[in-house]
Every structure is written in C-alpha cells, then in structure tokens.
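This is the structure I want to talk about, given as structure tokens.
The values are calculated or read from the model by the stated rules, or taken from the named source; none is laboratory data. Since the model is a prediction, treat every value here as computed from it, not as a measurement. Cβ sites come from the backbone with ideal geometry, for glycine too, and all protein chains shown count toward neighbours. Just so you know, the surface numbers come from the protein's heavy atoms only, side chains and all, with ligands and any DNA or RNA stripped out. Shrake-Rupley method; radii C 1.70, N 1.55, O 1.52, S 1.80 Å.
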Amino acid sequence: MRQSKESTAPGLVRGTDRIGQVEQAGVEYIPEDARTSKPRNLIAVFVGSNLTWAIVIYGWLPVALGLDFWSAFTSTVVGMVLGCVLMMPVATIGPRTGTNMTVASSAFFGVRGRFIGSILAFVMAIVFGAIAVWTSGDALVAASHRLLGTPDGNWARALAYAVVSAGMIAAAVYGHATIVALQKLIIPVVGVLLIVGVVVFAPRFNADVSFDDYALGGYWQTWILSAVLGFATAPSYVTSVGDYTRRISQHRYSDLRISGSLALGLIIGNIIPMTFGMFTAASLLAPTDIYINDMINESPAWYVIAIVIIALAGGVGQGVLNLYSSGLDLEGIVPSLSRVQTTTITAVIAVALLYIAAFLVPAVESITAATLVVNAMAVPWATILVIGAVRNLKTGYDVDAIQAFADGRQGGRYWFTGGWNLAAVAAWLGGALFGVLAVDTELYHGPLAGLAGGVDLSCIGSAIIAAVLYLGLGATQSPRVAT
C-alpha cells in the first residue's frame with residue numbers, strides 16, 4: 001500500500017511507533033506489519049485519560065443540578081452504559097481502514113463529505129482539551145493557595161494553565177506509543193489517590209444530600225438530563241477511537257475483542273471518576289458552585305497534595321487525548337502539513353480558547369452547555385458511523401479510495417456525488433439541527449427544549465433522526481465513480 005507522505009526523519013519508518021520517539025506517521029494508511037498495538041491498550045488509553053478532574057466534575061454536576069447521590073449514580077450509569085454499548089461497532093473501523101476516524105468517515109460521507117467529521121472533531125478536541133486544562137489548572141491554583149498561601153487570582157490561574165498545557169503538548173507531539181505509556185502510568189497513580197479520597201470523605205458521606213432545587217424544575221426532567229450527560233460521554237470520544245484502533249491488527253484480534261475493549265475502557269474510565277465526583281459532592285459540608293475549591297478547602301492538608309498530583313497527571317492525560325486527535329484531524333484537512341506541525345497549531349488554538357473562556361464564562365453552566373451542544377452535533381455523526389460500521393463488517397473498505405483526498409485524486413468507491421454522500425450529509429444535518437434546537441441548559445435554552453415537558457431530548461432525538469434519515473435515504477444513494 002502506497003503511503004501519502006515521505007518521512008521527514010531519515011532512517012525511520014513512518015509506521016514505526018516507539019515510546020520516547022516522535023511518531024512520524026499521520027493519517028495515512030498504517031500497514032499491517034506496523035500495527036503493534038493491542039486491544040488492552042484501548043482500555044488503558046480510555047481509562048487513564050479519564051482519571052482527571054474534568055471527568056470528576058461531570059460526576060459532580062448531577063448533584064449540583066439537584067439530584068441525590070443514588071439518583072445521580074443511576075442516571076449517569078444508565079446513560080453511560082447505553083452510549084458505550086451503542087458505540088462498540090465504531091471500534092472495527094480503524095483496524096479495517098488503517099487510518100483515523102475522520103479520514104475513515106469518507107466511506108460513509110464521501111471523499112469531501114468527511115470534512116464534516118474533520119471540522120467537528122477539531123472543534124470537539126479543542127473544547128474538551130481546553131476544559132481538561134481549565135479544571136486541572138484551577139485545582140493547582142486552589143491547592144497552592146491552601147498549602148502555601150500563594151495568590152489565587154487570574155495571573156496564578158494563567159500560570160497553572162501554562163504548566164498543564166506544556167505537559168499535554170509535549171506528550172501529544174511525541175505521539176501514539178508515548179501517549180499509551182503515559183496513560184498506563186496514570187492509572188495506578190491517580191486510581192489509588194481517588195480511592196484514598198473516598199476513604200477521606202467517607203465519614204461525611206450523606207446519600208440523601210442535594211445542592212438545591214431540581215435544575216429543570218422536576219425530578220425526572222433532571223434525572224434524564226443527567227442520563228443524557230452520561231450518554232453523551234461515549235459519542236464525545238468517537239473521533240478519537242480510530243487514533244488508537246488503527247494500530248491494532250484486524251487479523252490478530254477479533255472484532256468482539258477490540259470492540260469490547262473500547263466499551264470496557266470507556267465504562268470503567270468514566271464510572272470511576274464520575275462516581276468519585278458524586279460521592280465527594282454528597283460529602284461536602286458547605287458546597288458552593290466551585291467544586292474543586294470546596295474539595296480543597298474541606299480536605300486535610302496532606303490530601304491536598306494528592307489533589308495536585310491528580311490535577312497534573314489527569315489534566316495531561318485527558319488533554320493529550322484531545323490534542324493528539326485534533327492534530328490528526330487538522331492534518332486530514334491540510335495534508336501538506338505533518339502531524340507534528342498540525343498538533344502544534346491546534347495546541348496554540350486550544351490554549352488561546354482556554355484563556356479566553358476561562359475568564360469570561362461561568363464554570364458549571366459553560367461545561368454543561370458545551371457538552372450538550374457539541375455532542376448534539378457529534379451524536380448524529382457517530383450514529384451514521386455506527387450504522388456504516390455494522391453494514392461494512394462483511395464487505396470491508398477500499399483503503400486506497402479512503403485516502404483519495406490526501407493523494408489529490410477524484411473518483412473511486414467513495415466519490416458518491418461530487419465527493420459527497422448526500423444521504424449521510426442530509427441525515428447528519430437533520431439530526432444535528434434537532435439536537436442543537438432541543439438542548440436545554442441553564443446557559444442555553446433551545447426553542448425545542450420544551451418539546452417533552454422539560455425532558456432533554458437533544459442527544460437521543462438527534463441520534464434517532466439521523467438513523468431514520470440515513471437508513472431511508474441511504475437505500476437510494478450509491479457511490480459514483482468519477483470519470
């Protein structure tokens with residue numbers, strides 16, 4: 001198989017993937033003999049990258065929205081498990097196409113239609129990467145203020161964001177093997193510290209406590225909002241899955257093993273930190289709307305050191321997942337640039353966005369709104385990929401046609417109509433439009449938010465609409481080869 005670009009490092013094979021060595025391969029096809037990763041690495045990546053304050057805060061949110069511990073736990077787990085199970089088929093795309101998810105989406109959206117995924121993935125990676133640095137940086141500032149009496153103003157926060165960002169950027173530039181090794185190191189370190197935190201706060205735990213009235217005015221509306229937030233966790237990773245599955249051999253490992261490893265990594269990786277967030281939220285004596293400050297103020301001084309370690313390790317672990325993905329996505333849009341160059345560009349954009357947002361918008365409302373609005377557009381895209389992945393389990397993919405844009409070619413199996421699969425594009429537009437209009441948060445109230453009496457239908461509705469449109473329109477839309 002021809003590769004799209006020549007290596008910029010003499011003596012290195014572009015497919016070579018070693019710890020501590022800058023990865024040379026970008027979004028071009030990874031040949032079978034260069035695929036040295038294993039399904040268990042998927043578990044490590046998606047567990048390690050989620051052991052961060054950003055995901056802990058997603059566990060705290062349902063309690064902050066008015067639910068007690070068990071209501072928060074059940075709603076989050078139900079939504080999360082459903083989302084993770086539905087996402088399992090996308091794990092088969094990377095091993096079959098040998099490239100990342102957005103480039104592989106050419107098989108469903110067309111050679112040019114894949115730009116929908118590239119732009120969407122770019123935005124998602126930057127938003128969630130910024131949130132990871134934001135939450136971890138704030139933890140560093142608050143902990144330093146508690147232990148050392150250092151300033152906790154904007155200059156201190158800016159410096160803390162720079163520290164976390166530096167670690168995130170360095171790991172992302174090194175690439176796949178280094179990222180996997182980093183996540184394997186994070187798991188035991190942060191995992192143990194979270195368990196210790198449960199022991200610290202256990203004497204104060206009250207399963208019946210809740211912060212305030214129900215955010216959406218009623219129990220079930222708020223419970224379903226929490227479930228939607230849980231459900232949205234899996235689709236939010238859909239653009240990153242191929243970054244790691246493309247390096248797993250489709251011949252040595254079964255579809256079930258690869259897909260199961262993805263689901264297991266996502267479920268374990270999210271349940272642990274989210275449950276910690278719920279548990280500690282239900283243990284705080286004087287809760288406010290700034291969770292991490294409450295945690296630090298009510299922790300014994302020695303555990304504040306653990307909070308700092310979690311902030312540094314977790315922030316880098318979550319941030320690098322997003323930054324590495326955004327670098328690959330931008331390379332897919334501008335194939336003349338190398339992965340290292342595009343990763344550096346996206347890093348600058350992500351950090352700039354972080355500094356702007358961190359000082360201008362309220363934390364709880366912005367995190368909830370950003371998650372639901374971005375995922376309202378990502379869920380229908382992921383839905384189409386799931387359907388396409390199931391359909392292609394037996395037929396396979398034309399890996400040469402998938403790389404047509406990078407090679408400057410027209411035509412091939414995925415040309416469809418002028419490079420666009422109109423059925424997939426229409427299905428995504430219909431689902432995304434409904435999803436955005438149906439989002440209901442304290443910061444943003446969509447015009448269709450009251451459609452079900454306050455129950456948030458944004459993610460579920462967008463998925464159903466996209467699926468119905470894609471299956472209905474897709475039956476008449478067939479690939480057209482350019483001549």
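Tilt of helix 339-358 relative to the longest C-alpha principal axis of the chain, in degrees (0 to 90, nearest 10)?
30
While we're looking at this one, here's another question. Could you tell me how many cubic angstrom of Cα convex hull volume segment 100-215 has per residue? Present the calculation step by step, with values, prior to reporting the outcome.
Values: hull volume 25.1 nm³, N = 116.
Roughly 216 Å³ of hull volume per residue.
Just to be sure I follow: if Rg is taken over the C-alpha atoms of segment 212-361 and Rh is the Kirkwood radius over the same atoms, what is Rg/Rh? Mind showing how you got there, number by number?
Working: Rg = 19.3 Å, Rh = 18.9 Å.
Expressed as Rg/Rh, it is 1.02.
I've got another one for you. Please go through segment 206-309 and write out the trypsin sites (Lys or Arg not before Pro) that DSSP classes as loop and that have at most 15 other C-beta atoms within 10 Å.
Numbers: sites: R246, R247, R252, R257; in loops: R246, R247, R252.
Here the trypsin sites (Lys or Arg not before Pro) that fit, given the DSSP loop and packing criteria, are R252.
Please check the chain for the longest run free of GluC sites (Glu not before Pro) that are loop-located per DSSP (anything but H, G, I, E, B) and have at most 15 other Cβ atoms within 10 Å. Could the numbers behind the result be given before it?
Values: sites that count: E6, E442.
So the longest stretch without any such site is 7-441.
Here is a further query. Can you give me the distance in nm between label points at N154 and A286, each placed 7 Å from the Cα along the Cα-to-Cβ direction?
For N154 paired with A286, the spin-label model returns 2.7 nm.
So what does log10 I(q)/I(0) come out to for segment 107-160 at q = 0.17, 0.19, 0.21, 0.29 Å⁻¹, using the Debye formula with one equal point on every Cα and no solvent?
Those come out to -0.61, -0.67, -0.74, -1.00, one per q.
Sticking with this one: Just to be sure I understand: if I project the alpha-carbon convex hull of the chain onto a plane and average over all orientations, what area do I get in nm²? Walk me through the numbers before you get to the answer.
On the way: hull surface 85.1 nm².
So the Cα hull casts an average projection of 21.3 nm².
Helix 115-148 sits at what angle to the longest principal axis of the chain, using alpha carbons and giving 0 to 90 degrees rounded to 10?
Value to nearest ten degrees: 30.
Local charge sum around A424 (other residues, Cβ-Cβ under 13 Å, Lys/Arg +1, Asp/Glu -1)? Please list the in-between numbers first.
Values: positive: R112, R114, R391; negative: none.
It works out to a net charge of +3.
If you don't mind, another one. Send over a whole-number figure in Å² for the accessible area per residue of the chain, probe 1.4 Å. Present the calculation step by step, with values, prior to reporting the outcome.
On the way: 17420 Å² over 483 residues.
Value for the chain: 36 Å² per residue.
Another question about this same structure. Taking a quarter of the surface of the convex hull around the Cα atoms of segment 40-92, what do you get in nm²?
The Cα convex hull of segment 40-92, projected and averaged over all directions, gives 4.3 nm².
Work through the residues other than D152 whose Cβ is under 11 Å from its Cβ and net out their charges, Lys, Arg +1 and Asp, Glu -1. Working shown, then result.
Details: positive: R146, R157; negative: D138.
Combined, the nearby Lys, Arg, Asp and Glu give +1.
How much of the accessible area of segment 219-340, in percent, comes from carbon and sulfur atoms when a 1.4 Å probe is used? Intermediate values should be presented prior to the final figure.
Working: 2450 of 3480 Å².
Heavy-atom surface of segment 219-340 belonging to carbon and sulfur, 1.4 Å probe: 70 percent.
Can you compute 3J(HN,Hα) from phi for each residue in segment 229-243, using the Karplus curve 6.51 cos²θ - 1.76 cosθ + 1.60 with θ = phi - 60°, rounded to whole Hz and x for Gly and Pro?
4, x, 4, 6, 5, 5, x, 5, 9, 4, 6, 8, 4, x, 4
Local charge sum around Y291 (other residues, Cβ-Cβ under 12 Å, Lys/Arg +1, Asp/Glu -1)? Present the calculation step by step, with values, prior to reporting the outcome.
Values: positive: none; negative: D138, D289, D294, E298.
Here the charged neighbours net out to -4.
If amide H atoms are built 1.01 Å from N in the plane of the peptide, which residues on other chains or at least 5 residues away come under 5 Å of the amide H of D456?
HN-HN under 5 Å from D456: L225.
Still on this structure, I have one more. Over segment 193-271, how many percent of alpha carbon pairs lie in each 10 Å bin up to the one with the longest distance?
Percent of pairs per bin, in order: 13, 28, 29, 20, 9, 1.
In whole angstrom, note down how far apart the Cα centers of segment 204-249 and segment 52-113 are.
Rounded to whole Å, the Cα centres lie 9 Å apart.
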